[in-house]
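A.B. asks: Got a structure for you, written out below as structure tokens; questions coming shortly.
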Amino acid sequence: MDSRGPRAAGGRRAAVEVSAAELAGSPAWFPLEAPGAGLLRLVRLEEAAYRQASFLDERILATNPLEGACSIAAAGAAAGMLPARAHYIFHIGHVGSTLISRLLGEHPGFHSVREPALLRTLAAGPVRAGHTPELTVLLALLGRTWRPEQRALIKATSFVSEIAVPILATDDQAAALFVFTPALAYLRCILGGPNSRLESRTLASSRLARLQARVGEAALPSLPSAEGEWIAMSWLCEMTALCQAAAQRRARTRWIDFEAFLSAPAAGLTDALQALGVSMAARDVDALLAGPWMGRYAKAPQHAYDAALRRSVLEAADREHRHEIRRAMDWLARAAGRHPLIDAALAR
């Protein structure tokens, strides 16, 4: 195949028609989105492109990849040729999950897949039948690896935790890492970054609806009325989603407190590897940690960012937003005892 691809009008590459067998053969054709009924849009990615990408969504188009297409029926046929071979990272957002995904992805036994857009689409539902691939089909495609000895490690977007239970139900051998920080650290982190605060405001209404659907409106002490309370509610929403999934999959889940991970990264990485069924010598764990990722911002590696810088950001947030943080923690304290999932989240 000409790697440059045929050209459509205007100089844009025309989509290549991809067969079920070719789709099943390797992760090279990545399922990006379902633009219309019965159709799947694909982009061709080499192994290095997967390693580089922080988000496997429309942002990957900036690299000008070769594009392909297949029917959802062909995707289903491809999925039928594939074994279930994925582990998962679920998280609450802004808690180091991308860093952990990158570190684990350096192990030759894992192929890291970060934040696939179609999982977000399915989590956001409802979707009309036939317009997107079924969950089992999508997970089979996302679980493809470059080499037989590998296992895919899929890091979902935070709100995909809403469907963590059905995701994990597709494969009883799948392990899951649940990455979080306690509420106080989460509040300091979100309030410490303008972009984080903006994202939190954008997602707030949907998170409130999700939380109320899970625990009931009466379980909340009051509706959030200030920024800190909205952020606390967001933490509680994502944490109760993880707690709900953990309650149904205790044997194959491992909680990772990112604050504890940063204080002892070798122990934390060793624990994560063991949860995924991998034993690694201490010197090899140290070699992974000595690589580039611990000193970079994992979502945007061109920027330096390490534990010391993160600590300074959190300390500044504590000084500048002390009132909001206290109000938020009071709101969470008043939620205690109102629902078992809330209590499970607060106990972490």
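The values are calculated or read from the model by the stated rules, or taken from the named source; none is laboratory data. Everything numeric here is computed off the predicted structure, so don't read it as measured data. Cβ coordinates were reconstructed from backbone atoms using ideal geometry, including for glycine residues, and neighbour counts include every protein chain displayed.
A.B. asks: Has the range 76-84 got any residue that is at pLDDT 95 or above, surrounded by fewer than 14 Cβ atoms within 10 Å (Cβ to Cβ), small (Gly, Ala, Ser) and not in a loop (DSSP other than H, G, I, E, B)?
C.D. replies: no
A.B. asks: Taking the stated definitions as given, is Gly130 surrounded by fewer than 23 Cβ atoms within 10 Å (Cβ to Cβ), at pLDDT below 95 and at positive phi?
C.D. replies: Yes: the conditions hold for Gly130.
A.B. asks: Return only the number of the condition from (1) under 23 Å from Ala175 (Cβ atoms); (2) out of contact with any strand residue (DSSP E or B) (no Cβ under 8 Å at 6 or more places or on another chain) that Ala49 does not satisfy.
C.D. replies: Only one criterion is unmet by Ala49, namely (1).
A.B. asks: On to the next question. Report yes if Gly68 is over 23 Å from Gln150 (Cβ atoms) and touching a strand residue (DSSP E or B) at 6+ places or on another chain (Cβ under 6 Å), otherwise no.
C.D. replies: For Gly68, the condition - over 23 Å from Gln150 (Cβ atoms) and touching a strand residue (DSSP E or B) at 6+ places or on another chain (Cβ under 6 Å) - is not met.
A.B. asks: While we're on this one: Please state which of the following conditions Lys155 fails to meet, knowing it meets all the rest: (1) farther than 26 Å from Ala28 by Cα; (2) under 19 Å from the mean Cα position of the chain (by Cα); (3) basic (Lys, Arg).
C.D. replies: The single condition Lys155 does not satisfy is (1).
A.B. asks: Tell me, which helices (runs of 4 or more DSSP H) wholly within the range 232-335 include 2 or more residues that are within 24 Å of the chain's Cα centre (by Cα)?
C.D. replies: 258-263, 265-275, 282-289, 307-320
A.B. asks: Pro224 is checked against (1) of a type outside the set (A, V, I, L, M, F, W, C); (2) more than 19 Å from Ser158 (Cα to Cα); (3) in a helix (DSSP H, G or I) and fails just one. What number does that condition carry?
C.D. replies: (3)
A.B. asks: Same structure again: So, Arg283, is that one closer than 18 Å to Ile231 by Cβ, surrounded by fewer than 12 Cβ atoms within 10 Å (Cβ to Cβ) and either touching a strand residue (DSSP E or B) at 6+ places or on another chain (Cβ under 7 Å) or free of Cβ contacts under 8 Å to residues at least 24 places away in the same chain (or both) or not?
C.D. replies: On the way: closer than 18 Å to Ile231 by Cβ: no; surrounded by fewer than 12 Cβ atoms within 10 Å (Cβ to Cβ): yes; either touching a strand residue (DSSP E or B) at 6+ places or on another chain (Cβ under 7 Å) or free of Cβ contacts under 8 Å to residues at least 24 places away in the same chain (or both): yes.
No.
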